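A.B. asks: Attaching a single structure in structure tokens format; questions to follow.
The values are calculated or read from the model by the stated rules, or taken from the named source; none is laboratory data. All values reported here derive from a predicted model rather than from experimental measurement. Heads up, the Cβs are rebuilt from the backbone with ideal geometry, glycines too, and the neighbour counts pull from every protein chain shown. Remember, those area values only see protein heavy atoms, side chains included, never the ligands or the DNA or RNA. Shrake-Rupley method; radii C 1.70, N 1.55, O 1.52, S 1.80 Å.
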Amino acid sequence: MDAQMLEVTIICADGLKNVRKLWGRMRTYAVVWINDDVNSGASTRIDKDGGCYPVWNEKLQLRISSGLHACSLNIQIYCNTSFGKKLVGWSKVPLSDITLGYGAPNGLHYLSYRLRTKNGKRSGTIDFSLQILTQPNRPQLFNPSISMFPGQGSCQNNYP
């Protein structure tokens, strides 16, 4: 059976609720994971300049361990404060939204989802892309570094 990876590109967030009650700009980052397995998640770098409109444009890869239709992608945005991290917003994306939708099943899907606070109020939107990557468990039969044309690559023919 082929192992599947989910490539998530966290692009940006818009209109985040400012959780910094005092002075200073929000320094935010995104954390993503599949289903309830928080330990297998990944996070973006901290955006120090965007404030309520951060831009990350960062690719993260997550392993899909169960059936694709039963999975959901969890996204949480946090802000670093002097008192620790504070949740800005979260969203839960069923992967069936992309597998049962239009387009190629393993194509690149651009999505925008609403973020919610802990108590369910709106807290902006998150823009991201998803692509399902399949990694076969068999050896690679074609090596693109080997060229079949004379004079190129490591397979060279010596002609007189």
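A.B. asks: Report Asp37's accessible area, 1.4 Å probe, all protein chains in place, as a number in Å² to the nearest 10.
C.D. replies: 70 Å²
A.B. asks: Between Asp14 and Leu87, what length comes free when the chain is fully extended (0.36 nm per residue of separation minus the Cα-Cα distance, one decimal in nm)? Don't skip to the end; give the middle numbers.
C.D. replies: On the way: separation 73, 0.36 × 73 = 26.28 nm, distance 1.53 nm.
Stretched fully, the Asp14-Leu87 segment lengthens by 24.7 nm.
A.B. asks: Now for a different question. Need the list of lysines near Lys21 for cross-linking: C-alpha distance under 30 angstrom, and skip anything on the same chain fewer than eight residues off.
C.D. replies: Candidates past the 8-residue exclusion: Lys48, Lys85, Lys86, Lys92, Lys118, Lys121.
A.B. asks: Round to the nearest 0.05 the FRET efficiency obtained for Asn57 and Asn119 when R0 = 25 Å and r is the Cβ-Cβ distance.
C.D. replies: Efficiency at R0 = 25 Å is approximately 0.25.
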